[in-house]
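Notes for the one structure printed next.
The values are calculated or read from the model by the stated rules, or taken from the named source; none is laboratory data. Note that this is a predicted model, so its numbers are computed, not measured. In this analysis, Cβ positions are derived from the backbone assuming ideal geometry, glycine residues included, and neighbour counts consider all displayed protein chains. The accessibility values were calculated without ligands, DNA or RNA, using every heavy atom of the protein model including side chains. Shrake-Rupley method; radii C 1.70, N 1.55, O 1.52, S 1.80 Å.
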Amino acid sequence: MDFPEELKYTEEHEWIAIEADIATIGISDFAQNQLGDVVFVELPEVGDELEVGKPFGVVESVKAVSDVYSPLSGEVVEINEELPDAPETLNTSPYEDGWMIKIRLSDPQEIDDLLDASAYQELVADE
Amino acid sequence: MKKTPLNAVHRQLKARMVDFGGWDMPVQYSGVIAEHQAVRTAAGLFDVSHMGEIEVSGRSAQEFLQYVTTNDLTKLTDGQVQYSALCYEHGGVVDDLTLYRFTGERFMLCVNAANISNDLAWLLSLTSSYNDTDLMITDSSDTYGLLALQGPQAQPILAPLTSVNLDELSYYHFTAATVAGIDLLISRTGYTGEDGFELYCPADSTVMLWQALMQAGSPLGLMPCGLGARDTLRLEKGYALYGHEISAEILPLEARLGWITKLDKGEFVGRAALHKARELGIPRQLIGLKLTVPGVPRQGYPVLCDGREVGFVTSGTSSPTLKQGIALALVDSQSAATGKSWQIEIRRSAKDAETVSLPFV
């Protein structure tokens, strides 16, 4: 299982890549592996305001429905338009082609609450 | 949690295990979609040893079973299998089952794992009117392992391992046989809609049988398959599942099980209530729905017809074959007959659907 060093993570298994005030968000390799074959993805719309800790989307595998929680607060500036038509991308490329949304941060201090790769790896080792 | 004889094998194969009605069972090995496709195009091997086997024997065994099950047992010959159900007096279903006739005085019922003790208690409670001291009802579930070998390659995989001529074993028939040196029962039955076999073996030979089948089948594309694929496979074929389409609250006549409910065969438990329901009109009907937009229907989601809520989803999934959301839904009979526009409510949003004749695939 893969945990890229340069990313941040959450206990709900999202990953976050931060560049200036833009955060790209997706679900971790561990999350996609736990879910199994992803068959449906629901994303917010550009312009939606997200609040930290609140669900912003849904990922469904054959067997399960999972909410995806916003790791940070901010406005959605871009969504991965290809994902709803190719939800299996979350399985095949969770950290690259399977990115879900980009948001403009409204409270950059929230970044301090995110996990780094080693802390996240430790967390999932217990699950 | 209860374990089948193959528990260590599943763990070795790194299966994802789940609690399935108190049983520690594999939900998937490589992935639900890959396993599903293996069964449709080649073959899959399922551990279904959690299923229950109840043996009924004695001079009045046939008469007793004819009275407690819904299908007409008198049509059955030795070596034949019949799909049937046990009903309560009010017409709701205790369990659905396959019934094996060895002789007119010896039968075996294969029942759902979660219902073994309930079925057994129900059957025993119904024996009181039988003075036959010879009538024996025995729970043999722990003595059997059960593997389902399913898919178009099932026969080519099994044939070299047994001396039985499988061409002569018809659908819904069974025979005693030796497979890979193990004495067992081969039944040409299954729950996937593909050709295939269910093998009832001694519990302590289950691991050996699994390994012999995997070894023989791997070159032909055989994959171990979990309960996830078992569910998508049966749902694509519109087969009912206990706890979804079948329950004490649903009449078999509502759940498309009229073909195993023989109201004219004579008296049986539940007949009076079912007969009355038929006279008054069956209130609800099970229909097939297919989403025309992306989404996955799930059990319990509301079903709307012409803008009004008329029922609920009993089983839903994303069909690996159709790559669309499919559902079985229990809706009021009037809507089922005349409804025009259909929707399934998913997370408070109504998604367009259309009725389809079953099976889906």
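What residue, of B:194, B:279, B:249, B:236, is within 14 Å of chain A (Cβ to nearest Cβ) and either open to solvent by 50 Å² or more (accessible area, probe 1.4 Å) or more than 18 Å from residue B:89 (Cβ to Cβ) (or both)?
Details: B:194 fails: within 14 Å of chain A (Cβ to nearest Cβ); B:279 fails: within 14 Å of chain A (Cβ to nearest Cβ); B:249 fails: within 14 Å of chain A (Cβ to nearest Cβ).
Sole residue among the options that is within 14 Å of chain A (Cβ to nearest Cβ) and either open to solvent by 50 Å² or more (accessible area, probe 1.4 Å) or more than 18 Å from residue B:89 (Cβ to Cβ) (or both): B:236.
Can you tell which of B:348, B:256 is open to solvent by 70 Å² or more (accessible area, probe 1.4 Å) and within 25 Å of residue B:192 (Cβ to Cβ)? Break it down into steps so the answer makes sense when it comes.
Details: B:348 fails: within 25 Å of residue B:192 (Cβ to Cβ).
Answer to the check: B:256.
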Checklist entry - Of the numbered conditions (1) of a type outside the set (Ser, Thr, Tyr); (2) part of a strand (DSSP E or B); (3) under 24 Å from residue B:122 (Cβ atoms), residue B:275 satisfies every one except a single condition; which is it? => result (2)
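Scan B:326, B:346 and give me the residue that is over 22 Å from the mean Cα position of the chain (by Cα) and of a type in the set (Val, Ile, Thr). Please lay out each step first, then the result.
On the way: B:326 fails: over 22 Å from the mean Cα position of the chain (by Cα).
Residue meeting the stated conditions: B:346.
Every residue, every condition in (1) aromatic (Phe, Trp, Tyr); (2) out of contact with any Gly (no Cβ under 7 Å at 6 or more places or on another chain); (3) free of Cβ contacts under 8 Å to residues at least 40 places away in the same chain, yes or no:
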{"position": "A:71", "(1), (2), (3)": "no, yes, no"}
{"position": "A:78", "(1), (2), (3)": "no, yes, yes"}
{"position": "A:100", "(1), (2), (3)": "no, no, no"}
{"position": "A:111", "(1), (2), (3)": "no, yes, no"}
Item to check | Lone qualifier among B:83, B:29 - being within 14 Å of chain A (Cβ to nearest Cβ) and touching an Asp or Glu at 6+ places or on another chain (Cβ under 9 Å) | outcome: B:29
Next on the checklist: With the structure loaded, tell me whether residue B:159 is farther than 22 Å from residue B:79 by Cβ and among the small types (Gly, Ala, Ser) or whether it fails that test.
Outcome noted: no
Checklist entry - Scanning the range B:90-100 for residues that are open to solvent by less than 40 Å² (accessible area, probe 1.4 Å) and of a type outside the set (Asp, Glu), which turns out nearest to residue B:272 (Cα to Cα)? => result B:91
Checklist entry - Which residues, counting only those in the range B:287-324, are away from chain A (no Cβ under 14 Å), open to solvent by less than 10 Å² (accessible area, probe 1.4 Å) and not small (Gly, Ala, Ser)? => result B:289, B:303, B:305, B:314
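Quick check on this structure: which one of B:327, B:336, B:272 is open to solvent by less than 40 Å² (accessible area, probe 1.4 Å), small (Gly, Ala, Ser) and away from chain A (no Cβ under 14 Å)?
Working: B:327 fails: away from chain A (no Cβ under 14 Å); B:272 fails: open to solvent by less than 40 Å² (accessible area, probe 1.4 Å).
Checking each option against the conditions leaves just B:336.
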Checklist outcome for this item: When the range A:62-81 is checked residue by residue, the ones that are assigned to a strand (DSSP E or B), within 9 Å of residue A:104 (Cα to Cα) and open to solvent by 10 Å² or more (accessible area, probe 1.4 Å) are A:75, A:77
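Residue check: is residue A:28 modelled with pLDDT of 95 or more, buried (at least 21 other Cβ atoms within 10 Å of the Cβ), hydroxyl-bearing (Ser, Thr, Tyr) and under 20 Å from residue A:6 (Cβ atoms)?
Values: modelled with pLDDT of 95 or more: yes; buried (at least 21 other Cβ atoms within 10 Å of the Cβ): yes; hydroxyl-bearing (Ser, Thr, Tyr): yes; under 20 Å from residue A:6 (Cβ atoms): yes.
So residue A:28 passes the test.
Against the condition over 16 Å from the mean Cα position of the chain (by Cα) and within 23 Å of residue B:262 (Cα to Cα), how does residue B:120 come out, does it pass?
Yes, satisfied.
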Next on the checklist: Suppose we filter the range A:13-58 for residues that are within 14 Å of another protein chain (Cβ to nearest Cβ), more than 20 Å from residue B:18 (Cα to Cα) and assigned to a strand (DSSP E or B); how many remain?
Outcome noted: 8
Checklist outcome for this item: Expected single match for surrounded by fewer than 23 Cβ atoms within 10 Å (Cβ to Cβ) and closer than 17 Å to residue B:53 by Cα among B:216, B:180, B:176 is B:176
Next on the checklist: Between a residue in the range B:326-349 that is farther than 25 Å from residue B:251 by Cβ and any residue that is of a type outside the set (Gly, Ala, Ser) and open to solvent by 50 Å² or more (accessible area, probe 1.4 Å), which pairs come within a Cβ distance under 7 Å, given they are 6 or more apart or on different chains?
Outcome noted: B:340/B:306; B:341/B:306; B:343/B:352
Checklist entry - Mind checking which residues of the range B:100-118 are in a strand (DSSP E or B), among the β-branched types (Val, Ile, Thr) and either touching a helix residue (DSSP H, G or I) at 6+ places or on another chain (Cβ under 6 Å) or touching a residue at least 60 places away in the same chain (Cβ under 8 Å) (or both)? => result B:111
